Amino acid sequence: MATTAQPRTEETISIGGGTPTRAPRDATDEGQIRIDLAAAYRLIALKGMDDSIFTHISARLPDGPSGSKRFLLNPYGLMFDEVTASNLVTVDETGAIIDDPYGAGVNAAGFTIHSAVHMARHDAACVLHTHTVAGVAISSLQEGLLSLNQWSAQFHGAIAFHDYEGIALNLEERARIVADLGDLNVMLLRSHGTLICGRSVAEAVKLAFNLERSCKAQIAALSTGLTPILLPDDVAAHTAAQYARAYDKTEAAGVDPEWDAMLRQLDRQAPAYAD
Ligand SMILES: [Zn+2]
């Protein structure tokens, strides 16, 4: 569609605005990472975005004393709404257990995608994988996610794709997943689900929520049978850049009022996440 160039003014939006209620994020603070990751599991569960005991959200921990890589993962067999800060399992890059306070082990096969992404993408503090109905549906469409609205415009030009090869367990597919992801942060795993990298747990969750809303909105719009309005490329790209600048600003500051609000929501609805 032809568009008329419009003057752009630098926006001052602060997506998620408000007053922060906790100290700035500290990427070296394992206790804070544990609380954030447990919160991520609970929030995904609250939104109905979990899939029984499957899919994972992983977070990078500071390296161990000998430079060993360490990651946090959910105990295998727990529902997402049973995950707490203290029952998260510490594993190395192969999924081998370093510390397992709950004693249920981890789904090492399920961690293979996460470990591959973590080892290739040191900027990813968190890797979040879901099998939501809306995410699987959009991943199953040749066109993928369309820039139909403000939510989906955030992802304009920023979604990678990986073709389905069966349940992703083998090392060869891990390499292809990493190559397909490249330096993007959002990937549609064809006929499978979604994968998101965040510079923090909070960023991964916010991206997951917006991606889910985008997928649901696309399904809702197309289900009417009426004619969808695709945003012009320049408008969608401009919107994506607006989101990116706001997210960059939040990550640089380490202060995130939207995440703080989500944690307060959990404090009201599922306070045991922080145990
Ligand atoms: Zn999966």
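Here are the numbers for the structure shown:
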| read-out | value |
| --- | --- |
| Per residue solvent-accessible surface (Å²) - the range 30-270, probe of 1.4 Å | 41 |
| Candidates per GluC sites (Glu not before Pro) in the range 115-211, loop by DSSP, up to 11 other Cβ within 10 Å | Glu143 |
| Projected-area mean, the chain, by convex hull of Cα positions, square nanometres | 15.4 |
| Alpha carbon convex hull of the range 159-245, projected area averaged over orientations, nm² | 7.2 |
| The range 99-243: translational diffusion in µm²/s, Stokes-Einstein, Kirkwood Rh over Cα pairs, 10 °C, 1.306 mPa s | 99 |
| Computed Kirkwood radius, in angstrom, where 1/r is averaged over Cα pairs of the range 213-275 | 15.1 |
| Partner lysines for Lys216 [C-alpha distance under 25 Å; skip if fewer than 8 residues away on the same chain] | Lys47, Lys206 |
| Between the range 212-227 and the range 119-180, the Cα center-to-center distance that results, in Å | 19 |
| Relative packing of 81-91, 64-74, which averages over residues the other C-beta atoms within 10 Å, highest first | 81-91, 64-74 |
| Angle in degrees between helix 30-46 and the longest Cα principal axis of the chain, rounded to the nearest 10 | 60 |
| Extent along principal axes [Cα atoms of the range 20-151; Å; largest to smallest] | 48, 36, 30 |
| 0 to 90° range, to nearest 10: angle between helix 201-223 axis and the chain longest Cα axis | 40 |
| Largest-first principal axis extents of the Cα set of the range 75-154 (Å) | 45, 29, 21 |
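The values are calculated or read from the model by the stated rules, or taken from the named source; none is laboratory data. What you are looking at is a predicted structure, and each value in this text was computed from that prediction instead of being measured. Note that each Cβ is placed from the backbone with ideal geometry, even for glycine, and that neighbours are counted across all protein chains shown. Just the protein is used for accessible areas: all its heavy atoms, side chains included, with ligands, DNA and RNA removed. Shrake-Rupley method; radii C 1.70, N 1.55, O 1.52, S 1.80 Å.
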